[in-house]
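**Q** Just passing along the structure, written as C-alpha coordinates.
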Amino acid sequence: MGSGTQSAQELSAQTDCIFCKIIAGDFNTDFVYQDDYVVAFDDISPQKPVHTLIVPRQHVVNLEDNPDPELLARLFSAASKVAAIKGVAGTGYRIVQNNGKGAGQTVFHLHVHLLGGDPFTENIV
Ligand code: 5GP
Ligand code: ZN
(Lines give C-alpha, C1' and ligand atoms only; values in the text may rest on other atoms or scores of the structure.)
(Ligands and ions follow the chains in the order given, each with its own letter.)
Protein backbone atom coordinates (compact mmCIF):
# COMPACT_ATOMS: atom_id res chain seq x y z
CA MET A 1 0.00 0.00 0.00
CA GLY A 2 1.00 3.61 -0.07
CA SER A 3 1.45 3.84 -3.84
CA GLY A 4 -2.21 4.55 -4.46
CA THR A 5 -2.69 1.27 -6.28
CA GLN A 6 -3.71 -2.00 -4.69
CA SER A 7 -2.16 -5.36 -5.44
CA ALA A 8 -4.31 -8.32 -6.42
CA GLN A 9 -3.47 -9.82 -3.01
CA GLU A 10 -4.75 -6.74 -1.20
CA LEU A 11 -7.94 -6.63 -3.25
CA SER A 12 -8.51 -10.35 -2.70
CA ALA A 13 -7.95 -9.93 1.04
CA GLN A 14 -10.54 -7.18 1.23
CA THR A 15 -13.00 -9.33 -0.65
CA ASP A 16 -12.48 -12.62 1.15
CA CYS A 17 -11.20 -11.78 4.61
CA ILE A 18 -13.75 -11.51 7.41
CA PHE A 19 -11.53 -9.17 9.44
CA CYS A 20 -10.96 -6.88 6.44
CA LYS A 21 -14.76 -6.71 6.10
CA ILE A 22 -15.17 -5.91 9.80
CA ILE A 23 -12.49 -3.21 9.53
CA ALA A 24 -14.26 -1.78 6.47
CA GLY A 25 -17.42 -1.48 8.58
CA ASP A 26 -19.44 -4.02 6.60
CA PHE A 27 -21.06 -5.46 9.76
CA ASN A 28 -21.27 -2.28 11.87
CA THR A 29 -19.07 -3.96 14.47
CA ASP A 30 -18.50 -1.93 17.63
CA PHE A 31 -14.82 -1.07 17.97
CA VAL A 32 -13.56 -1.13 21.55
CA TYR A 33 -10.56 0.87 20.37
CA GLN A 34 -9.28 2.17 17.06
CA ASP A 35 -6.48 4.30 15.71
CA ASP A 36 -4.87 4.83 12.31
CA TYR A 37 -3.22 1.40 12.35
CA VAL A 38 -5.25 -0.89 14.58
CA VAL A 39 -8.83 -1.75 15.50
CA ALA A 40 -10.08 -3.83 18.44
CA PHE A 41 -13.41 -5.60 18.75
CA ASP A 42 -14.84 -8.29 21.00
CA ASP A 43 -14.49 -11.91 19.89
CA ILE A 44 -17.72 -13.45 18.61
CA SER A 45 -17.07 -16.58 20.69
CA PRO A 46 -15.54 -15.34 23.96
CA GLN A 47 -13.35 -17.74 25.91
CA LYS A 48 -13.11 -15.42 28.92
CA PRO A 49 -15.27 -12.61 30.35
CA VAL A 50 -12.97 -10.27 28.44
CA HIS A 51 -11.94 -11.55 25.01
CA THR A 52 -11.05 -8.80 22.58
CA LEU A 53 -9.18 -9.06 19.29
CA ILE A 54 -6.61 -6.45 18.36
CA VAL A 55 -6.20 -6.35 14.59
CA PRO A 56 -4.05 -4.30 12.21
CA ARG A 57 -5.99 -2.41 9.54
CA GLN A 58 -3.45 -3.71 7.03
CA HIS A 59 -4.09 -7.27 5.84
CA VAL A 60 -1.15 -9.33 7.10
CA VAL A 61 -1.60 -13.09 7.44
CA ASN A 62 0.51 -13.80 10.52
CA LEU A 63 4.09 -13.45 11.78
CA GLU A 64 5.32 -15.46 8.79
CA ASP A 65 4.01 -12.73 6.48
CA ASN A 66 6.88 -10.39 7.36
CA PRO A 67 4.87 -7.74 9.22
CA ASP A 68 6.45 -4.36 9.82
CA PRO A 69 8.01 -4.44 13.33
CA GLU A 70 6.49 -1.03 13.96
CA LEU A 71 3.06 -2.50 13.28
CA LEU A 72 3.72 -5.27 15.81
CA ALA A 73 4.67 -2.65 18.37
CA ARG A 74 1.46 -0.79 17.62
CA LEU A 75 -0.55 -4.00 18.17
CA PHE A 76 0.98 -4.54 21.60
CA SER A 77 0.68 -0.90 22.52
CA ALA A 78 -2.99 -0.98 21.52
CA ALA A 79 -3.48 -4.19 23.54
CA SER A 80 -2.37 -2.44 26.72
CA LYS A 81 -4.83 0.38 26.01
CA VAL A 82 -7.61 -2.13 25.37
CA ALA A 83 -6.79 -3.85 28.67
CA ALA A 84 -7.37 -0.56 30.45
CA ILE A 85 -10.55 0.14 28.50
CA LYS A 86 -11.90 -3.34 29.33
CA GLY A 87 -11.00 -2.98 33.01
CA VAL A 88 -8.47 -5.79 33.24
CA ALA A 89 -5.29 -3.70 33.51
CA GLY A 90 -3.74 -4.61 36.84
CA THR A 91 -5.84 -7.73 37.34
CA GLY A 92 -3.84 -9.95 35.00
CA TYR A 93 -4.56 -10.64 31.38
CA ARG A 94 -3.11 -12.78 28.67
CA ILE A 95 -2.15 -12.09 25.05
CA VAL A 96 -2.42 -15.03 22.63
CA GLN A 97 -1.44 -14.96 18.99
CA ASN A 98 -1.77 -18.03 16.78
CA ASN A 99 0.41 -18.55 13.70
CA GLY A 100 -0.80 -21.12 11.20
CA LYS A 101 -3.41 -23.86 11.21
CA GLY A 102 -1.21 -26.10 13.33
CA ALA A 103 -1.35 -23.51 16.12
CA GLY A 104 -5.10 -23.04 15.82
CA GLN A 105 -5.21 -19.96 13.61
CA THR A 106 -8.62 -19.87 11.93
CA VAL A 107 -8.74 -16.30 10.61
CA PHE A 108 -5.75 -15.56 8.41
CA HIS A 109 -5.50 -11.87 9.17
CA LEU A 110 -2.98 -11.16 11.92
CA HIS A 111 -4.55 -10.53 15.33
CA VAL A 112 -3.83 -10.86 19.00
CA HIS A 113 -6.36 -12.12 21.52
CA LEU A 114 -6.63 -10.21 24.79
CA LEU A 115 -8.08 -12.53 27.42
CA GLY A 116 -8.95 -11.79 31.02
CA GLY A 117 -11.62 -11.07 33.55
CA ASP A 118 -11.28 -14.18 35.68
CA PRO A 119 -8.32 -16.23 36.92
CA PHE A 120 -6.34 -18.44 34.62
CA THR A 121 -6.16 -21.98 35.95
CA GLU A 122 -4.11 -23.51 33.14
CA ASN A 123 -0.65 -22.58 31.98
CA ILE A 124 0.66 -23.89 28.67
CA VAL A 125 3.88 -21.95 28.98
P1 5GP B 1 -7.68 -17.52 15.67
O2 5GP B 1 -8.26 -18.89 15.92
O3 5GP B 1 -7.47 -17.30 14.18
O4 5GP B 1 -6.49 -17.19 16.49
O5 5GP B 1 -8.80 -16.51 16.15
C6 5GP B 1 -9.87 -16.10 15.36
C7 5GP B 1 -10.93 -15.59 16.29
O8 5GP B 1 -11.84 -14.82 15.54
C9 5GP B 1 -11.73 -16.68 16.98
O10 5GP B 1 -11.59 -16.56 18.40
C11 5GP B 1 -13.16 -16.44 16.50
O12 5GP B 1 -14.12 -16.67 17.52
C13 5GP B 1 -13.12 -15.00 16.06
N14 5GP B 1 -14.03 -14.67 14.99
C15 5GP B 1 -14.23 -15.37 13.83
N16 5GP B 1 -15.14 -14.75 13.06
C17 5GP B 1 -15.52 -13.63 13.73
C18 5GP B 1 -16.43 -12.57 13.45
O19 5GP B 1 -17.09 -12.54 12.41
N20 5GP B 1 -16.56 -11.60 14.38
C21 5GP B 1 -15.85 -11.60 15.54
N22 5GP B 1 -16.06 -10.60 16.39
N23 5GP B 1 -14.97 -12.57 15.86
C24 5GP B 1 -14.82 -13.57 14.96
ZN1 ZN C 1 -7.84 -9.22 6.14
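**Q** Just to compare against my own numbers: the Cα pair-distance distribution for the chain, 10 Å bins, whole % per bin, please.
**A** Pair shares across the bins are 12, 44, 34, 8, 1.
**Q** What's the carbon and sulfur percent of the chain's accessible surface, probe 1.4 angstrom, rounded to a whole number?
**A** Using a 1.4 Å probe with all protein chains present, the chain comes out at 51 percent carbon and sulfur.
**Q** As a test of the definition: which semi-axes, in Å, follow for the stretch 53-125 when you take the square root of five times each eigenvalue of its alpha carbon gyration tensor? Largest first, please.
**A** With the √(5λ) rule applied to the stretch 53-125, the semi-axes are 22, 16, 9 Å.
**Q** Within the chain, count lysine pairs with alpha carbon atoms under 23 angstrom apart where the residues are 8 or more positions apart or belong to different chains.
**A** Taking the Cα cut-off of 23 Å, the pair count is 4.
**Q** Could you work out how far apart the two model spin labels at Asp16 and Asn28 are, taking each label as a point 7 Å from the Cα in the direction of the beta carbon, and quote it in nm?
**A** The two pseudo-label positions are separated by 2.9 nm.
**Q** Taking the Cα centre of the stretch 8-125 as origin, work out the dipole magnitude from +1 charges on Lys and Arg Cβ and -1 charges on Asp and Glu Cβ, in debye rounded to 20.
**A** Taking the Cα centre of the stretch 8-125 as origin, the dipole is about 280 debye.
**Q** With a 1.4 Å probe and all protein chains kept in place, how much accessible area does Thr52 have, in Å² rounded to the nearest 10?
**A** 0
**Q** Let me know the longest stretch in the chain that avoids all chymotrypsin sites (Phe, Trp or Tyr not before Pro) found in a DSSP loop with at most 13 other C-beta atoms within 10 Å.
**A** My reading of the result: 28-119 is the longest stretch.
**Q** Then there's this: Relative to the longest principal axis of the C-alpha atoms of the chain, give the angle of the C-alpha long axis of helix 69-85, reported between 0 and 90° and rounded to the nearest 10°.
**A** 40
The values are calculated or read from the model by the stated rules, or taken from the named source; none is laboratory data. Remember, it's a predicted structure, so these values are computed and weren't measured experimentally. No Cβ is skipped: glycine too gets one built from the backbone with ideal geometry, and neighbour counts run over all protein chains shown. Just so you know, the surface numbers come from the protein's heavy atoms only, side chains and all, with ligands and any DNA or RNA stripped out. Shrake-Rupley method; radii C 1.70, N 1.55, O 1.52, S 1.80 Å.
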